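Here the structure is laid out as structure tokens; the discussion comes afterwards.
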Amino acid sequence: MCGIVGYTGDKQAQPILFNCLKRLEYRGYDSCGVAVAVGGIELYKDAVRIEALAKASPKFKGTTGIGHTRWATHGAPSRDNAHPILDCTGKIAVVHNGVISNFQELRDQLTGEGHNFASETDTEVIPHLIEKYYDGSLEEAVTAALNDINGSYAIIVLAADKSELVVAKKDSPLIIGLGDRENYIASDVPAILDYTDRVIYLEDGDIGVVTKNDVKIRRDGKEIAREEHKVMWTVEEAQKAGYEHFFLKEIHEQPKVIRNTLGEFTRETEQAVDLVGIGGRGMESILMVACGTAYHAALTGKYIADELLRVPVRVEIASEFNYYSHTLARTVAIAVTQSGETADTLKAMRKLKEAGCRVVAITNVVGSTASRIADQTIYTRAGPEISVAASKTFIAQLMVLYWLIMSYSKADARRLANLLMELRQLPSKVQQILDNEAEIIEHARYLSKYENVFFIGRGINLPVAQEGALKLKELSYIHAEGYAAGETKHGPFALLGGNTPVIAIVAKDNTYDAMLTNIKEIKARGSPLIALAEEGNEAIEELADSVIAIPQVDAIFSPVVNTVALQLLAYYTAKERGCPIDFPRNLAKSVTVE
Ligand code: AGP
């Protein structure tokens, strides 16, 4: 999942391309490049970050150009495998996000026809095919080339001596930013926010020709119009606002994000999501599909639903769900995905729709592919999340699930009224944890010297243990596992000892006594133990080596406050270890390939 950009207008393209790429770096950052049409094609690329490339690149004069920041799929990060990729003549340049599944076959065929390949990428078949079919019209050559191609792609094509860009999209996101006598093309909205808030979202199968004065889109050869949308996000929201890292900024935005997301619902209750009578009439079960952090949010939703909805809820990892064969009658399917572009989740959504399920998407990105596949979309109002590691979108997803499930709950009215009151107090509880950051920094300093860590939890805090472990893994590169506390005796105990700290998440609910027993068992085997527990809990303070004090909340809301504390712990541990927090190695913000 790479980031691709394009510009055509009156201004010098190169500085604009660098700036747009910088805003998309969270999509992949192992190599990058730009190309500008100045008579011929001027191109500079390398296996470096964008800032370094912008410093090293010769200055190109030209007002039409393309750029790319890469997350390698085919061919290791290198200058040759970086994009833009040229054809044999050097007159056609392509940037691509996606995977060409039949590239080897096409490569062999083109090699047989005399084409010389300079990279190991799947992408390189595209410029060679365009070269093969080129007969004066770049658009027609691109259309012909795409007829030979299988797989997923968002592409921008630049040709020497042309001030037009040809774009096409299938299963990878692509937008056009509309300007005055200039137009922008990008994989995602944050890239163009410095220049315009007017965008067009391309659909699968669209092929477009973009010039400075015009955007023409064709589908199956016929010209079509795509609706223009106004982006609600501001450029400031996509910046660090004085924080050292986007991840820390996004953690600190969570009280506001909770208010914004809940605020949205109190205004929208009349339009409650049409779950077609879940909990008695019509639909008999809920199935949630997601990946990574979104999966942990869905899993937490399962526990909330179990307590308040009493309807069977299944939660599946999307990539695994895609191998299941059984069909699902009378099921409401909820896909949770912050980016709305995760390939495995989109595939599961399409499969669920084919199976006749009603599909609801919970996503953070307006206009994303998930919002277009779904029958109904609920937006989290978290604003753009730039750091590769998710934080505020997780909490916003929980807010959606609390609201959704409480809206349909048949639980005791007084209980629901108390929960609603507590839900509204959550921003201040989260703020308490943020204000207590210094204490968490101490724990992080301690944790930063270990290479293996267990997170344990029970019930609604099992997904929290898994999320805490995921954050520590992706940010600090410490090998961490989130484990059901009750399961630890069935194997993981073998790893306990002085070099394996355990972080125990203790909630004041029906899991409390069992967690205390687990803590004693773990201490007996010599592992250092940090407990997350309500402030002033003497029993825990006595047992644990140290305690991260958590403000008192109803146990059903404990995942919110516990996760924020674990996000800070992961951040400061990674900082202590000098890790590249916003751009962890080998990762990308949205995984648009299977
Ligand atoms: C989380 O920090 C990771 N970035 C990753 O696990 C992420 O949650 C996963 O790729 C799902 O992304 P989505 O919510 O955009 O679908």
**OP:** Rounded to the nearest Å, what's the spacing between the alpha carbon centres of segment 200-265 and segment 351-412? Just the number, please.
**Re:** 17
**OP:** Above 20 angstrom, tally the Cα pairs of segment 431-594 and express them as a % of all pairs, no decimals.
**Re:** 47
**OP:** Could you give the size of the charge dipole of segment 431-594 about its Cα centre, using +1 on the Cβ of each K and R and -1 on the Cβ of each D and E, expressed in debye and rounded to the nearest 20?
**Re:** 620
**OP:** Based on the mean of other Cβ atoms within 10 Å per residue, sort peptides 311-319, 525-533, 510-518, 91-99 so the most packed one is first.
**Re:** 91-99, 525-533, 311-319, 510-518
Original post:
What span do the alpha-carbon atoms of the chain cover on each of the three principal axes, reported in whole Å from largest to smallest?
Top reply: 78, 54, 43
Original post:
So which DSSP H runs in the chain come out at 20 Å plus along the axis (Cα) with average Kyte-Doolittle of at least -0.5?
Top reply: 292-308, 392-408, 413-435, 462-476, 558-576
**OP:** State the answer as a single residue: which of N518, G9, V189 lies farthest towards the positive end of the charge dipole of the chain, with beta carbon charges of +1 for Lys and Arg and -1 for Asp and Glu, about the Cα centre.
**Re:** N518
**OP:** With +1 on each Lys and Arg Cβ and -1 on each Asp and Glu Cβ, and nothing else charged, work out how big the dipole of the chain is about its Cα centre, in Debye to the nearest 20.
**Re:** 460
Subject >> 22 Å Cα-Cα threshold exceeded, pairs from K61/K212; K59/K230; K170/K347; K471/K508; K169/K471 >> reply: K59/K230; K471/K508; K169/K471
Subject >> Set of segment 67-81 residues, backbone N closer than 16 Å to the point 7 Å along the Cα-Cβ line of Y133 >> reply: none
Original post:
Each label point is 7 Å from the Cα along the Cα-to-Cβ direction; what then is the distance between the points at A241 and E538, in nm?
Top reply: 4.1
Original post:
Which of the listed residues, L587, S448, L462, is farthest toward the dipole's positive end in segment 431-594, when Lys, Arg count +1 and Asp, Glu count -1 at the beta-carbon?
Top reply: L587
Original post:
Taking the Cα centre of segment 242-411 as origin and charging only Cβ (+1 Lys, Arg; -1 Asp, Glu), how large is the dipole, in debye to the nearest 20?
Top reply: 300
Original post:
Using the Karplus equation 6.51 cos²θ - 1.76 cosθ + 1.60 (θ = phi - 60°), what ³J(HN,Hα) coupling, rounded to whole Hz, does each residue of segment 193-200 give in order, writing x for Gly and Pro?
Top reply: 4, 5, 10, 7, 10, 9, 9, 10
Subject >> Rough spin-label spacing in nm, given labels placed 7 Å along Cα→Cβ, for D80 and R415 >> reply: 6.5
Original post:
Rounded to the nearest 0.05, what FRET efficiency do R181 and I441 have when you use their Cβ-Cβ distance and R0 = 51 Å?
Top reply: 0.50
**OP:** Would you please state which residues of segment 446-473 a label at L495 would reach in this model, taking the label point 7 Å out along Cα→Cβ and a backbone N cut-off of under 18 Å?
**Re:** 447-458, 462-473
Subject >> Cα lying deepest toward the dipole's positive end in the chain, options N436, I41, G208, charges on Cβ >> reply: N436
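Only the coordinates and a few stated rules stand behind these numbers; no lab work does. Quick caveat: nothing in here was measured; it's all calculated off a predicted structure. Counting neighbours? That spans all protein chains shown, and the Cβs are built from the backbone with ideal geometry, glycine included.
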